[in-house]
1. Loop only per DSSP, at most 11 neighbouring Cβ atoms within 10 Å: give me the GluC sites (Glu not before Pro) in the range A:1-85, ordered by residue number.
2. Quick check: residue separation of B:A276 and B:E203 times 0.36 nm, minus the Cα distance between them. What number comes out in nm?
3. For the rotation taking A to B, I'd like to know which residue in chain A has the C-beta closest to the axis, plus that distance in Å.
4. Nm distances between the label at A:E283 and the same-position labels in the remaining copies, 7 Å along Cα→Cβ, shortest first?
5. Just list whichever of B:K9/B:K32; A:K64/A:K266; B:K64/B:K273; A:K210/A:K269 have alpha carbons separated by over 19 Å in the model shown.
6. With r defined as the distance between the Cβ atoms of A:D223 and B:Q20 and R0 fixed at 22 Å, what FRET efficiency is calculated, to the nearest 0.05?
7. With each run of n ≥ 4 DSSP H residues scored as -39500 (n - 2.57), what mean residue ellipticity at 222 nm is computed for chain A after dividing by its residue count and rounding to the nearest 500 deg cm²/dmol?
8. Simple spin-label model, 7 Å along Cα-to-Cβ: B:K64 to B:K210 in nm?
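Values quoted throughout were computed directly from the atomic coordinates according to the rules given, and no laboratory measurement underlies them. Here the structure is a predicted model, which is why all the values come from computation and not from measurement. Ideal geometry is used to build each Cβ from the backbone, glycine not excepted, and the neighbour counts take in all protein chains shown.
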There are 2 protein chains.
Amino acid sequence: MSFVQDIQKEIDSTLEAVLQEQVPQRRGPLDKFSKVLRYALFPGGKRFRPALTMAAAKACDGNKGAAVSIGAAIELIHNYSLIHDDLPCMDDSCLRRGKQATHKEFDEGLALLAGNALLTDAFVVLSELPKRHSISAESTIEIINIIASCAGSSGMVAGQVLDLKSSPKISFPELEFLAIHKTGKLIYASVMAGALTGKPTQEERKALEKYGEAIGLVFQIMDDLDDAKSSVEQRTPEPPRASFVQILGVEESKQRASELIGESIKAIKIFGKRGAPLVELVELLGSKLPLNIQG
Amino acid sequence: MSFVQDIQKEIDSTLEAVLQEQVPQRRGPLDKFSKVLRYALFPGGKRFRPALTMAAAKACDGNKGAAVSIGAAIELIHNYSLIHDDLPCMDDSCLRRGKQATHKEFDEGLALLAGNALLTDAFVVLSELPKRHSISAESTIEIINIIASCAGSSGMVAGQVLDLKSSPKISFPELEFLAIHKTGKLIYASVMAGALTGKPTQEERKALEKYGEAIGLVFQIMDDLDDAKSSVEQRTPEPPRASFVQILGVEESKQRASELIGESIKAIKIFGKRGAPLVELVELLGSKLPLNIQG
């Protein structure tokens, strides 16, 4: 998957540049704080969201440099949410990506502030798109609006509230609402913000909206399937929480993911070859499924 | 102080409108979450930062409606910082504005998420300035950039890190650096963002930069003086932390605040009558001091 690997490098070096520019270079506590931020950001996960941003930019003949910056900003937001999700008052997780969670490696106060810094700095990065990448101020505003709306109290935070406070026995529509907000909205924003570095037609926008909504859900279903699998393998019962596997069972969850993957690929047919990276990313996401892709 | 009282009403109704628009209207946990946000925002403090935004807009013949929205966004950011500062891993304060702190009234998870929601929603509000108040996209980008930079890891968060981790015996320059970041930067941003709803000249910008920097420090010195006073009155020794009173003593702290007030008033003389609200706000801030204002 060379497309994704290339992107990881570009995103990582952009994130490194953001850190060097933002945190005041001082000895003492601020020097330590920049270590906390680095610890939380590197080594990263798959950088799947930035890859979506760049794939959507490619589909819309958009601005590649701007897509890298937007991808980095979204990765800052994604990592803020992980740091905070791991805190004792949330999921209380000690491990993240095979190493100590940020609040375990440092302390809760620094982890809280690191999350806040990453979230806020994402908007610094976004507000520099016109200066750094000649994106119009109008498009930049639209990009900021989509990302902030999808991350805030009508987006990801709403999903986190539901995840924290819902009964594990919620209905399927409630579970879908939760997943759309907790995970789907930021993935949707990753796609749409990438598109806006180009000049998508109304039809192209609609196609990407469908694609973004579908794969946001696929992402959460696959995550739930992974969690269920590793909990069986490691013989550690999962704590009771609302998940697709819990509500639909394994087979029906796979079936639902497979349908959504089919829908997402169908939606972006209009891009032809320019849509290839978008197709590649869905296939990567669904590569563990017995796929039944029509479309 | 009619100027400030009028502003409180306008800001409160704008904040109420933001809450109604942002949080998805659902029963269950999200209904409770909107109560958490309301609890944290109302009744508010003096709404001093929005008052600065509006006063700076007035000085620059700016857009009043936009200044109200910006003021509300800054108030969202300010209140996010208070909710998080009160958490056990930070200042561990049980009380805020004479009532239970948000995490005490609800729980830590909801308080954490409420802070995150307010911070993120601030950027939703700011990104709607062109649509709602005919502010140009270019000015909006500049406003977002100033506010995000002043709130993020090179601004307020840096100050919070220093406040959390510095020895109470830091030097005066280190204390000033801490105060400038923790408190001063967001106050500076409140002033500059208000100015940008108009078309300030370079000279006017410079004047407001001086004003904003000076009163940011005044604000922190007055806060430290207040804390010292109430700790003496209530006979509760203050926990050791770096403060102006601790480092300079009461009299020298007052003297420093008085000098900075003089400087700030001198800086904005060029606005003539249009600068009256800016003067009123500094005087309000310094009203507990034996003032020696020249300028």
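1. On the way: sites: A:E10, A:E16, A:E21, A:E75; in loops: none.
Nothing satisfies the criteria.
2. On the way: separation 73, 0.36 × 73 = 26.28 nm, distance 1.78 nm.
Once the chain is fully extended between B:A276 and B:E203, it gains 24.5 nm.
3. Measuring from each Cβ to the axis, the minimum is at A:A137, 2.
4. From this label point to the equivalent ones elsewhere in the assembly: 7.3 nm.
5. Numbers: B:K9/B:K32 24 Å; A:K64/A:K266 25 Å; B:K64/B:K273 17 Å; A:K210/A:K269 12 Å.
Violating the 19 Å Cα-Cα cut-off are B:K9/B:K32; A:K64/A:K266.
6. Using R0 = 22 Å, I get an efficiency of 0.10.
7. That comes out to -22500 deg cm²/dmol.
8. About 2.9 nm, to one decimal.
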